[in-house]
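To keep things clear, I will list the structure first and then write my remarks on it.
The values are calculated or read from the model by the stated rules, or taken from the named source; none is laboratory data. All figures in this text were calculated on a predicted structure; none of them were measured in a lab. For neighbour counting, all protein chains shown are included, and Cβ atoms are generated from backbone atoms with ideal geometry for every residue, glycine included.
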Amino acid sequence: MANGARSRSGTFYGEGGVAGFTHRAFTKQMGYDDQDMGRPLIGICNTWSELNGCNKGLKEVAEAVKRGVWQAGGFPLEFPTISLGEIFLNPTSMLFRNLAAMDTEEMIRSQPLDGVVLLVNCDKTTPAALMGAASADLPAILVSGGPALNGHFAGQTLGACSDCRRLTAEHQAGTLDTATYRAIEDGIVRSIGHCMVMGTASTMNSLAEALGIALPGNGAIPAVDARRLRLAAAAGRRIVALAAAGVRPSRIMTRAAFENAIMLLHALGGSTNAVVHLPAIAGRLGVDLPLDLFDALSRRTPRLADLRPAGQYQMEELFEAGGIPAVLRQLLPLLHGDALTVTGQTLAENVADAPLRDPAVIRTLDAPLDREGGLAVLRGNLAPEGAVIKHAAATPRLLQHRGRAVVFRDLADLRARINAPDLDVTPDAVLVLQGVGPVGGPGMPEVGNFPIPGKLLRQGIRDMVRVSDARMSGTASGTIVLHVAPESAVGGPLALVRDGDEIELDVAGRRLTLHVAGAELARRRAA
Ligand code: FES
């Protein structure tokens, strides 16, 4: 395919005078020639990093994309952008998501590209890349690196990092010895790839299929399965056609596509972090996704995929059961099936023949795991602007609960007292953590699933109602109320809670209530 004279790369290489001369000369410096420069220039935006094991497979994925681009008559050039690895970043990766989005946006905008393939994997790399690509609005396809293989130990299937927390609690409670605890480290994350439960990375890389910005299959193909490289090569071929046709993210990621993504989120029992990331991506395209839309769609979207941390299975089983296309095919009666995708076909056309191979892992609409989706939005005098709970991963008997507050002012206070033998706490208390929102954290760290007090762990308690303005890892579970807004650091009512106050959680009624008189709250606020 010859490059169009009016394309961005055609303009760049065709410029007169010293500008065009240097553009061509400095491309020839890398061994390319006029024939290469006559093709559509496809940028491969790569978040590969050795400080991000989830994304460490992306060099090989990039080579597969290049193969596809060359096959289709394009000219691929790879470039790096910031990589955000959950495990290695301090104080929290969320603090850098928007920086990564700006990096992606400006590198796409400022270089003479005709289209771009976004290579991502770990939690924040996917929303950051989509935010940047949405703002730059050049033809784009997202390819993720895929989930890691299931972990194993002594016949058990393990999942990172749902089991990292579960096993640490058992070790702390004295039910798991230190030698076994350390031995499990060897095999719980046994390959490259992102966390293999339905955590935030699995969620966002799966939702990219519903958004139409990734090819069918992207969400669940394991990182080390050869089919991921074949998907990458297909994306390379496809982006050349999208660039030629000028099909931009703003045509793909429409309001209908975002509603499809939210419904898939609920059907998967996906991560609460999607409630933060999807509006950020949509906002770049002028699409407003209010919090109540998530709740309204949860009320009418059944949970179909039986995936940890809400369910039993992991990404490998989801893949073998048919992957995200099989889930989307089941959901089609509820979705906007006519939404355009990067395949050039509609979402409905993409998944029309998707086989469902294991109805234990992916349920049908007639026999769902739950008639509602996995997430709920709460409101009340403790969260006037809303709060979020992943009730699918909570303890059912705690979803309707009233208890006495035990308050921690901030993370330092939590660390200092949570395991104190004299902490005044009982299993029916409501644990409250203040000062961990976007301003207070800062950066809204993933600490909402803070630990059960040590003395209760040793009594066999494994879940309690916890309330904070933080986020939590998508791999975490428990009866955990998150994102309480306004946050305590900017004067939200959460800051006014004191030890002994009664807090009531009512998930069915979508309420979060602080049973303290208004006059007393006003007195505390004044003080
Ligand atoms: Fe990267 Fe979990 S640490 S996805």
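Could you look through the stretch 369-388, keep only residues that are assigned to a loop (DSSP other than H, G, I, E, B) and hydrophobic (A, V, I, L, M, F, W, C), and pick out the one that is farthest from GLY199 (Cα to Cα)?
As a first pass, look at the stretch 369-388 and keep what is assigned to a loop (DSSP other than H, G, I, E, B): 369, 371-375, 381-382.
In the following step, the residues that additionally are hydrophobic (A, V, I, L, M, F, W, C) were identified as 369, 375, 382.
On the way: LEU369: 18, LEU375: 13, LEU382: 27 Å.
Out of the qualifying residues, it is LEU382.
Identify, please: which residue in the stretch 83-94 is buried (at least 19 other Cβ atoms within 10 Å of the Cβ) and part of a loop (DSSP other than H, G, I, E, B) and is, among those, farthest from the ligand (Cβ to nearest atom)? Steps first, answer last, please.
Let us first name the residues in the stretch 83-94 that are buried (at least 19 other Cβ atoms within 10 Å of the Cβ), namely 83-86, 92-94.
Narrowing the set further to residues that are part of a loop (DSSP other than H, G, I, E, B) leaves 83-86, 92.
Working: SER83: 10, LEU84: 9, GLY85: 6, GLU86: 4, THR92: 12 Å.
Of everything passing the filter in the stretch 83-94, THR92 is farthest from the ligand (Cβ to nearest atom).
Take ASP338 and decide whether it is touching a strand residue (DSSP E or B) at 6+ places or on another chain (Cβ under 9 Å), part of a helix (DSSP H, G or I) and over 18 Å from ASN218 (Cβ atoms).
So ASP338 does not fit the description; no.
Would you confirm, using the coordinates I've provided, whether ARG379 is under 21 Å from ALA257 (Cβ atoms), modelled with pLDDT of 95 or more and charged (D, E, K, R)?
Details: under 21 Å from ALA257 (Cβ atoms): no; modelled with pLDDT of 95 or more: yes; charged (D, E, K, R): yes.
No.
Could you tell me whether ARG67 is basic (Lys, Arg), closer than 26 Å to THR126 by Cβ and at pLDDT 95 or above? Walk me through it before giving the result.
Details: basic (Lys, Arg): yes; closer than 26 Å to THR126 by Cβ: yes; at pLDDT 95 or above: yes.
So ARG67 passes the test.
Given the conditions (1) over 20 Å from the mean Cα position of the chain (by Cα); (2) surrounded by fewer than 22 Cβ atoms within 10 Å (Cβ to Cβ), report the number of the one that GLY283 does not fulfil.
(1)
For residues in the stretch 1-55 being surrounded by 15 or more Cβ atoms within 10 Å (Cβ to Cβ) and aliphatic (A, V, I, L, M), which is nearest to GLU78 (Cα to Cα)?
Among those that are surrounded by 15 or more Cβ atoms within 10 Å (Cβ to Cβ) and aliphatic (A, V, I, L, M), it is ILE44.
Away from the ligand (no atom under 16 Å from the Cβ), of a type in the set (A, V, I, L, M) and buried (at least 24 other Cβ atoms within 10 Å of the Cβ): is that true of ILE239 in this structure?
Numbers: away from the ligand (no atom under 16 Å from the Cβ): yes; of a type in the set (A, V, I, L, M): yes; buried (at least 24 other Cβ atoms within 10 Å of the Cβ): yes.
Yes, satisfied.
Within the stretch 487-496, how many residues are surrounded by 23 or more Cβ atoms within 10 Å (Cβ to Cβ) and assigned to a loop (DSSP other than H, G, I, E, B)? Let's see the steps before the verdict.
We begin by selecting, within the stretch 487-496, every residue surrounded by 23 or more Cβ atoms within 10 Å (Cβ to Cβ); these are 487-488, 494.
Remaining after also requiring assigned to a loop (DSSP other than H, G, I, E, B): 487.
Here the count works out to 1.
Quick one: which helices (runs of 4 or more DSSP H) lie wholly within the stretch 114-188 and hold at least 2 residues that are within 16 Å of the ligand (Cβ to nearest atom), under 21 Å from the mean Cα position of the chain (by Cα) and buried (at least 17 other Cβ atoms within 10 Å of the Cβ)? If you could, list the steps in order and put the result at the bottom.
Numbers: elements: 125-136, 162-173, 178-188.
By residue number, 125-136, 162-173.
Which residues, counting only those in the stretch 373-404, are surrounded by fewer than 20 Cβ atoms within 10 Å (Cβ to Cβ) and either polar (S, T, N, Q) or within 15 Å of LEU265 (Cα to Cα) (or both)?
Scanning the stretch 373-404 gives ASN381, THR395, GLN400.
Specify which of the listed residues (LEU521, LEU505) is more than 16 Å from the ligand (Cβ to nearest atom), outside any loop (DSSP other than H, G, I, E, B), in contact with a strand residue (DSSP E or B) (Cβ under 7 Å, 6 or more places away or on another chain) and of a type in the set (A, V, I, L, M).
Of the residues listed, the single one that is more than 16 Å from the ligand (Cβ to nearest atom), outside any loop (DSSP other than H, G, I, E, B), in contact with a strand residue (DSSP E or B) (Cβ under 7 Å, 6 or more places away or on another chain) and of a type in the set (A, V, I, L, M) is LEU505.
Can you tell me which of (1) surrounded by 23 or more Cβ atoms within 10 Å (Cβ to Cβ); (2) of a type in the set (S, T, N, Q); (3) over 19 Å from the mean Cα position of the chain (by Cα) is the one GLN314 doesn't meet?
(3) is the only condition that GLN314 fails.
Would you point out the residue of the stretch 335-361, among those that are charged (D, E, K, R) and closer than 19 Å to ILE213 by Cβ, that is surrounded by the most Cβ atoms within 10 Å (Cβ to Cβ)? Before you say what the answer is, go through the steps one by one.
The first filter runs over the stretch 335-361 and keeps only residues charged (D, E, K, R), leaving 338, 349, 353, 357-358.
Add one more test, that the residue is closer than 19 Å to ILE213 by Cβ, and what stays is 338, 349.
Values: ASP338: 10, GLU349: 14.
Once the filter is applied, the top-ranked residue is GLU349.
Report, by residue number, each residue of the stretch 189-209 that is near the ligand (Cβ under 10 Å from one of its atoms), part of a loop (DSSP other than H, G, I, E, B) and either closer than 19 Å to LEU58 by Cβ or not hydrophobic (A, V, I, L, M, F, W, C) (or both).
Matches in the stretch 189-209: VAL189, GLY193, CYS195, MET196, GLY199.
Need the failing condition index for ARG97 against (1) of a type in the set (D, E, K, R); (2) over 18 Å from the mean Cα position of the chain (by Cα); (3) modelled with pLDDT of 95 or more; (4) within 16 Å of the ligand (Cβ to nearest atom), just the number.
If we test ARG97 against (1) of a type in the set (D, E, K, R); (2) over 18 Å from the mean Cα position of the chain (by Cα); (3) modelled with pLDDT of 95 or more; (4) within 16 Å of the ligand (Cβ to nearest atom), just (2) comes out false.
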